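**Student:** Can you keep this structure in mind? I'll have questions shortly.
The values are calculated or read from the model by the stated rules, or taken from the named source; none is laboratory data. Not measured: the values here are computed from a predicted model. Here the Cβ is made from the backbone with ideal geometry for all residues, glycine too, and neighbour counts use every protein chain on show.
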């Protein structure tokens with residue numbers, strides 16, 4: 001008898017978050033590749049045209065089936081928020097996000113299982129930085145998970161401790177980290193890609209927006225105090241958020257001529273930008289999975305990060321960690337990282353060594369084991 005694990009792939013067919021879209025596809029591919037004997041992987045998606053199904057099967061060869069729910073993405077999210085299954089059915093369901101039919105089911109007799117994933121706690125820690133509807137949906141789905149999920153996966157032990165305070169989940173909280181895309185590497189045409197994007201060589205790279213939780217203001221102040229003249233590249237800026245970031249940089253004393261702001265980039269373009277960076281700065285202290293930090297580690301880019309619980313757990317000895325909001329310490333760490341070729345090379349080796357700890361294949365194997373244990 002074949003056991004079918006259905007993975008919810010709404011972020012692949014109807015993406016709202018680029019990182020979750022990539023993570024969902026990467027995990028699905030890894031689950032297919034690591035499926036134990038007698039197991040297969042199917043997709044569960046919102047209502048979609050046949051062309052979307054064909055595209056998904058092309059992107060993820062090896063899917064045994066693509067099951068479509070009765071409602072399109074937004075309506076399905078609303079239905080699942082209030083406990084309407086909307087034709088999702090039962091069986092083994094794994095969601096790379098909180099998006100899942102969290103309803104009463106019988107694990108013991110019907111062998112139904114539902115596992116969801118929570119990548120960040122912004123809805124609880126920084127609700128003012130996000131739309132109210134999004135915050136309400138996240139909080140509502142965690143409440144449903146506390147009632148009906150067989151397990152809730154979080155990416156770090158730091159997040160697990162915090163989630164344990166927010167919801168009565170007991171031992172159902174499991175820690176499984178994400179990873180950079182399996183094919184994430186600096187492309188052979190990196191120089192051409194950076195030229196096309198207008199990204200200068202030898203830059204200080206940082207990811208974020210003008211929202212306080214990203215710590216971008218701290219990074220700008222540290223860069224200004226460091227006193228160098230390297231170009232600064234900000235990636236992952238929200239659409240229309242460039243002027244606010246420029247204002248934040250100007251307030252910190254960073255000249256406009258040094259600043260280059262870009263919105264979300266495709267992974268291959270992002271890898272090209274990392275390839276031209278001399279240091280990656282990670283000033284955020286959010287309780288979230290630091291996707292860009294893991295990508296910097298994967299590519300061996302020297303790293304300077306704020307000492308949050310998340311960063312200490314993810315980076316370990318793969319970069320320089322300074323006290324949060326300590327601008328002088330951040331500036332000194334930047335100076336040390338850029339002080340010599342030997343220092344940069346050492347930090348790059350440490351980053352690459354740590355980066356090998358994260359893989360989607362490893363995550364998929366732990367997912368299979370978790371479902372088996374349940």
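**Student:** Could you figure out which of (1) modelled with pLDDT of 95 or more; (2) within 19 Å of residue 279 (Cα to Cα); (3) not in a strand (DSSP E or B) isn't true of residue 235?
**Tutor:** Evaluating residue 235 over (1) modelled with pLDDT of 95 or more; (2) within 19 Å of residue 279 (Cα to Cα); (3) not in a strand (DSSP E or B) leaves (3) as the failure.
**Student:** Among 194, 172, 144, which is assigned by TED's automatic domain parsing to the domain that holds residue 267 and modelled with pLDDT of 95 or more? Steps first, please.
**Tutor:** Working: 172 fails: assigned by TED's automatic domain parsing to the domain that holds residue 267; 144 fails: assigned by TED's automatic domain parsing to the domain that holds residue 267.
Just a single option satisfies the conditions, and that option is 194.
**Student:** Let me ask another. I'm told residue 29 meets every condition in (1) assigned to a helix (DSSP H, G or I); (2) under 24 Å from residue 155 (Cα atoms); (3) at pLDDT below 95 except one. Can you identify the failing condition by its number?
**Tutor:** That leaves (3) as the condition not met.
**Student:** Would you check if residue 159 is surrounded by 21 or more Cβ atoms within 10 Å (Cβ to Cβ), modelled with pLDDT of 95 or more and either out of contact with any strand residue (DSSP E or B) (no Cβ under 6 Å at 6 or more places or on another chain) or in a loop (DSSP other than H, G, I, E, B) (or both)? Step through it out loud before you land on a result.
**Tutor:** Values: surrounded by 21 or more Cβ atoms within 10 Å (Cβ to Cβ): yes; modelled with pLDDT of 95 or more: yes; either out of contact with any strand residue (DSSP E or B) (no Cβ under 6 Å at 6 or more places or on another chain) or in a loop (DSSP other than H, G, I, E, B) (or both): yes.
Taking the combined requirement at face value, the residue satisfies it.
**Student:** Output the number of the condition that residue 239 fails; it satisfies all remaining conditions of (1) surrounded by 16 or more Cβ atoms within 10 Å (Cβ to Cβ); (2) farther than 21 Å from residue 332 by Cα.
**Tutor:** Checking residue 239 against (1) surrounded by 16 or more Cβ atoms within 10 Å (Cβ to Cβ); (2) farther than 21 Å from residue 332 by Cα, the one that fails is (1).
**Student:** Quick one: which residue in 285, 279 is farther than 17 Å from residue 197 by Cβ, in the same structural domain as residue 195 (by TED's automatic domain parsing) and part of a loop (DSSP other than H, G, I, E, B)? Give the derivation first.
**Tutor:** Values: 279 fails: part of a loop (DSSP other than H, G, I, E, B).
Just a single option satisfies the conditions, and that option is 285.
**Student:** Continuing with the same structure: Only one of 294, 349 is surrounded by 17 or more Cβ atoms within 10 Å (Cβ to Cβ), assigned to a helix (DSSP H, G or I), on the phi < 0 side of the Ramachandran plot and modelled with pLDDT of 95 or more; which?
**Tutor:** Working: 349 fails: surrounded by 17 or more Cβ atoms within 10 Å (Cβ to Cβ).
It is 294.
**Student:** Tell me which residues, restricted to segment 297-326, are at pLDDT below 95 and either buried (at least 21 other Cβ atoms within 10 Å of the Cβ) or within 15 Å of residue 179 (Cβ to Cβ) (or both).
**Tutor:** none
**Student:** Being outside any helix (DSSP H, G or I) and under 16 Å from residue 15 (Cβ atoms) is the filter here, so list the residues in segment 50-64 that pass it.
**Tutor:** First, pick out the residues of segment 50-64 that are outside any helix (DSSP H, G or I): 60-64.
Of everything in segment 50-64, just one residue is outside any helix (DSSP H, G or I) and under 16 Å from residue 15 (Cβ atoms), namely 60.
**Student:** Just one of (1) farther than 30 Å from residue 153 by Cβ; (2) crowded, with 16+ Cβ neighbours inside 10 Å trips up residue 195, so point out which.
**Tutor:** Result: residue 195 fails condition (2) only.
**Student:** Please go through segment 123-141 and give me each residue that is part of a helix (DSSP H, G or I) and under 19 Å from residue 237 (Cβ atoms), ordered by number.
**Tutor:** The initial filter retains those residues of segment 123-141 that are part of a helix (DSSP H, G or I), namely 123-125, 127-129, 132-141.
128, 129, 134, listed by residue number.
**Student:** Can you give me the number of residues within segment 41-67 that are closer than 15 Å to residue 91 by Cβ and more than 25 Å from the chain's Cα centre (by Cα)?
**Tutor:** Of the residues in segment 41-67, 3 are closer than 15 Å to residue 91 by Cβ and more than 25 Å from the chain's Cα centre (by Cα).
Residue by residue, here is whether (1) touching a helix residue (DSSP H, G or I) at 6+ places or on another chain (Cβ under 8 Å); (2) surrounded by 23 or more Cβ atoms within 10 Å (Cβ to Cβ); (3) assigned to a loop (DSSP other than H, G, I, E, B); (4) not assigned by TED's automatic domain parsing to the domain that holds residue 136 holds:
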{"residue": "79", "(1), (2), (3), (4)": "no, no, no, no"}
{"residue": "86", "(1), (2), (3), (4)": "yes, no, yes, no"}
{"residue": "93", "(1), (2), (3), (4)": "no, yes, no, no"}
{"residue": "115", "(1), (2), (3), (4)": "yes, yes, no, no"}
